[in-house]
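Here it is, the structure, as structure tokens.
The values are calculated or read from the model by the stated rules, or taken from the named source; none is laboratory data. Note that the structure is predicted; figures quoted are calculated from it, not measured. We place every Cβ from the backbone using ideal geometry, glycine too, and count neighbours over all the protein chains shown.
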Amino acid sequence: MAALRVTVQKLLQARSAVSPLLAVPALSRACHHGHHFEYINVSKAGEKQNVGMIELNRPKALNALCDGLMGEVKTALEDFEADKEVGCIVLTGSGQKAFAAGADIKEMSIRKFQEVFGGNFLSNWSHLADTTKPVIAAVNGYALGGGCEIAMMCDIIYASEKARFGQPEIALGTIPGAGGTQRLTRAVGKSLAMEMVLTGLPITAQEAQQAGLVSKVFPPDQLVSEAIKAAEKIASHSKLVVAMAKEAVNASQEMTLREGVHFEKRLFHASFATNDRKEGMAAFVEKRKAEFTDS
Ligand code: CO8
């Protein structure tokens, strides 16, 4: 642990003094949809309040993902999934330093095999990857271990110039446990994924973008507002058809090309059963803006 910290720190550049959340309206603390949250801030953003915001908020522990925090993330995601107004979700970290520095090592250090295997330890993590509505990760600082893994469960990753991505579990005597060896390899290819998983050393935001892990990199003070802007654009489309598009892209990670192309074709055909497909094409022909009804 100490050795990893020294190595990781050596590779890190100076951090930004600017909070990425300065660019957005103050987030409401603690209560949302009648739920009380201790470890996250939940709110809605965007001109039409159609973007669900989840801010990981344990800054003193660099937003380490304790069991309670991941349980709250699951609840917030369920609330946003059920909220008809919300068309896209943004997940970010509070404070200046971290998106999330991983699963909570202090919480994990005392666990035994019988407990983690028998109790399916940290099973509520996978909820994020099963969300129907698109999720954009706005990675503002460290995304290490489980932090990198939850970013990769999201559909799009935007990063601040100060972000660092890594899978340092090897230095703790364990391996990634929430998709790190699988999603990272699919995202950046075998050689870089293997290097990151075996050395435990992080990569910069720029390297992550070059490798295809991240789609855009922004100055820290613009990150969250840019993520909200993209989320608003997504939310302006038909939620029904957005869900189809997300499902089709995700299928590419699991299916052969032939199966994936067939699945895509079927969803494309299915979109012809929606009012929104009719409206979208009619609006184009009539040279007006489409009014989608999510039907
Ligand atoms: N867990 C618990 N506490 C943490 C964590 C963490 N992952 N990371 C940081 N903290 C705490 C520190 O203990 C410290 O607390 P305190 O002040 O009480 O001592 C506080 O946050 C600040 O941290 P540092 O003083 O270490 O800050 P530095 O700026 O010196 O260093 C680092 C920043 C380099 C990020 C350093 O904190 C570090 O190396 N953190 C650990 C990174 C790591 O190893 N992450 C991987 C964890 S394992 C994992 O994620 C497995 C996921 C499996 C999921 C399975 C789901 C099914």
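Name the residue that is farthest from the ligand (Cβ to nearest atom), counting only residues in region 152-177 that are of a type in the set (A, V, I, L, M, F, W, C) and free of Cβ contacts under 8 Å to residues at least 60 places away in the same chain.
Ranking the candidates gives Ile157 first.
Ok, one more. Determine whether Val249 is among the β-branched types (Val, Ile, Thr), more than 30 Å from Phe117 (Cα to Cα), in contact with an Asp or Glu (Cβ under 7 Å, 6 or more places away or on another chain) and at pLDDT 95 or above.
no
Within region 258-295, track down each residue that is surrounded by 15 or more Cβ atoms within 10 Å (Cβ to Cβ) and at positive phi.
Within region 258-295, Asp294 is the sole residue that qualifies.
Another question about this same structure. Looking only at region 56-76, filter to residues that are surrounded by 21 or more Cβ atoms within 10 Å (Cβ to Cβ) and in contact with a helix residue (DSSP H, G or I) (Cβ under 6 Å, 6 or more places away or on another chain); which one of those is nearest to Lys162 (Cα to Cα)?
Among them, the one singled out is Leu65.
Considering only helices (runs of 4 or more DSSP H) fully contained in region 49-139, which possess at least 2 residues that are within 16 Å of the ligand (Cβ to nearest atom) and under 19 Å from the mean Cα position of the chain (by Cα)? Give the steps one after another, and end with the answer.
Numbers: elements: 67-82, 105-108, 113-118.
It comes to 67-82.
Working carefully through the options Val224, Val217, Val261, find the one that is outside any loop (DSSP other than H, G, I, E, B), touching a Phe, Trp or Tyr at 6+ places or on another chain (Cβ under 8 Å) and closer than 26 Å to Met152 by Cβ.
Answer to the check: Val217.
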